Amino acid sequence: MVISLSSSLSFINLTNSKSPISEFPSKPKTHLPKSLSSTVCCSFSSSDLGFQCKEPFFFQKGRYPHGRRFEFTSCAIPGFDYGNFESAQSVLEAAAVLTAIIVVHESGHFLAAYLQGIHVSKFAVGFGPILVKFNANNVEYSLRAFPLGGFVGFPDNDPDSDIPVDDKNLLKNRPILDRAIVVSAGVVANIIFAYLIIFTQVLSVGLPVQEAYPGVLVPEVRPFSAASRDGLLPGDVILEVNGIELPKGGPNGVSEIVDVIKQNAKRNVVLKVERGQQDFEIGIIPDENYDGTGKIGVQLSPNVRFTKVKPKSIPDAFNYTGREFWGLSSNVLDSLKQTFLNFSQAAGKVAGPVAIIAVGAEVARSNVDGLYQFAALLNLNLAIINLLPLPALDGGTLAFILIEAARGGRKLPLEVEQGIMSSGITVVIFVGLFLIVRDTLNLDFIKDML
């Protein structure tokens with residue numbers, strides 16, 4: 001059996017958050033929309049890429065516009081909304097981001113082994129049947145059929161290997177520190193990659209800064225909906241609902257409108273609206289959903305505008321990058337913490353790699369800013385989640401190494417170690433397959449076909 005450090009896409013967790021975007025350059029929080037920044041908890045490595053979104057409603061069109069406002073689908077619409085695959089290019093861009101992250105992660109493992117003189121037998125992107133392969137310096141490099149991960153293989157227990165089992169340069173025969181470096185190198189590579197992505201964004205396009213305005217924006221009104229019928233127009237700003245003044249910026253105002261609308265099916269709801277330079281009231285009678293809640297057929301978003309901040313010098317660029325990197329990392333850690341504290345609720349919102357691609361495609365369709373942020377967040381999530389001491393993660397392998405160190409260099413029996421890791425991988429594979437099928441069935445164009 002070939003020992004391998006692998007990475008694969010597995011699951012994504014969508015939960016809610018109401019945190020606003022921080023102003024630049026105040027506290028060391030991300031200046032990216034927190035809808036994206038606080039979301040992703042990904043993990044690649046002996047098992048999976050996980051990723052959790054705390055504000056899924058922000059994953060919609062117009063997410064990071066230059067001089068435009070946020071748009072996101074009203075949470076009155078139940079279920080996941082992954083967008084659709086209108087643009088093949090955006091889907092390929094999202095897939096390319098995930099592939100690059102896999103390659104970087106596995107390259108970390110590979111280089112840490114290669115530079116220490118440790119034997120490596122395989123470097124693969126993807127799983128399953130081999131599509132293309134070549135050999136160089138006794139290493140098989142391959143591209144495989146299912147681009148949901150990758151792995152680096154070591155010939156430690158490979159019966160077909162010509163390397164003696166007592167060779168000092170087999171991974172299993174190296175000192176504890178050498179092995180720990182190899183196992184943790186994938187995490188380090190992704191952290192460095194995330195920093196470089198943010199640094200590139202800072203230098204090339206700058207960081208978006210949010211300015212909030214009163215009310216809630218109506219970016220879109222669906223034809224033949226209650227809102228359209230009763231006179232609400234795209235571009236209107238809702239200032240009050242049933243006499244309740246809405247807060248300035250942030251998702252809370254959206255939630256207040258949605259709650260009132262859902263609770264008042266077929267009953268008049270009075271909205272105070274700003275249109276151009278005029279303020280006036282509109283009465284809307286929400287239509288009734290199948291579950292008895294109200295709906296009016298609009299998109300709603302916080303009434304905010306974005307500008308760009310670019311560094312004036314290289315020291316400024318490092319300063320901005322450091323702030324953004326720390327903010328993103330803090331948000332990812334907070335997301336992970338909230339997931340564990342509320343796991344019973346979060347577990348029902350787990351989604352798989354299909355959802356990751358769909359979200360990434362939506363981000364790519366918005367503009368390049370979102371793609372930078374998407375890539376940086378996936379890297380940070382991968383790094384953090386992979387450090388968890390769970391079977392099939394890099395953290396699980398590190399845990400075995402630490403146990404060995406605590407036992408004075410005595411390893412656990414090979415059968416015990418392999419049994420624990422194999423069971424973890426098996427569970428992840430089954431969960432991953434289930435989520436892939438479910439998420440695929442949740443895609444809009446699949447629903448239209450069924």
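Along the positive direction of the dipole of segment 239-322 (beta-carbon charges: Lys, Arg +1; Asp, Glu -1; about the Cα centre), which of Pro315, Pro302, Ile261 reaches farthest?
About the Cα centre, the residue reaching furthest to the positive side is Pro315.
Just to verify a number: what accessible area does Thr440 come out at with the full protein assembly present, 1.4 Å probe, Å² rounded to tens?
Approximately 50 Å² of Thr440 is accessible to the 1.4 Å probe.
Pairs to check: Lys266/Lys295; Lys248/Lys337; Lys168/Lys411; Lys172/Lys411. Give those whose C-alpha atoms are more than 21 Å from each other in this structure.
Too far apart for the 21 Å limit: Lys248/Lys337.
Quick check: at a probe of 1.4 Å, how many percent of the accessible area of segment 146-202 sits on carbon and sulfur atoms?
67
Using the Cβ atoms and a cut-off under 11 Å, what net charge is assigned to the surroundings of Ser225, where Lys and Arg are +1 and Asp and Glu are -1?
Around Ser225, the surrounding residues sum to 0.
Rank these by accessible area, largest first, 1.4 Å probe: Lys122, Lys168.
Correct descending sequence by accessible area is Lys168, Lys122.
Quick check: with the 1.4 Å probe, what order do Phe280, Phe340 take by accessible area, largest first?
Phe340, Phe280
Post the alpha-carbon centroid distance, segment 294-316 to segment 173-246, in whole angstrom.
Their Cα centres are 8 Å away from one another.
Work out from phi, with θ = phi - 60° and the Karplus expression 6.51 cos²θ - 1.76 cosθ + 1.60, the ³J(HN,Hα) of each residue of segment 277-283, listed in order in whole Hz, and give x for Gly and Pro.
Karplus-based 3J(HN,Hα) across segment 277-283 equals 9, 10, 10, 7, 9, 10, x Hz.
Let me check I've understood the local charge: for Glu281, count other residues with C-beta under 9 angstrom from its C-beta, Lys and Arg +1, Asp and Glu -1. What total comes out?
Within the 9 Å Cβ shell, the charges total -1.
Mind ranking Met421, Met449 by accessible surface for me, highest first, 1.4 Å probe?
The ordering from most to least exposed comes out as Met449, Met421.
Compute, for segment 88-212, the length of the dipole vector about the Cα centre, with Cβ point charges of +1 (Lys, Arg) and -1 (Asp, Glu) only. Units Debye, rounded to 20.
That gives segment 88-212 a dipole magnitude of about 60 debye.
Please give the charge dipole size of segment 270-413, origin at the Cα centre, charges +1 on K and R Cβ atoms and -1 on D and E Cβ atoms. Round to the nearest 20 debye.
620
Farthest toward the dipole's positive end in segment 166-294, which of Leu170, Ile197, Ser228, given Cβ charges of +1 (Lys, Arg) and -1 (Asp, Glu) about the Cα centre?
Leu170
The values are calculated or read from the model by the stated rules, or taken from the named source; none is laboratory data. The structure presented is a predicted model; accordingly, all values stated were derived computationally and were not measured. Glycine also receives a Cβ, built like all others from the backbone with ideal geometry; neighbour counts cover every protein chain displayed. SASA here: full protein model, heavy atoms, side chains in, ligands and nucleic acids out. Shrake-Rupley method; radii C 1.70, N 1.55, O 1.52, S 1.80 Å.
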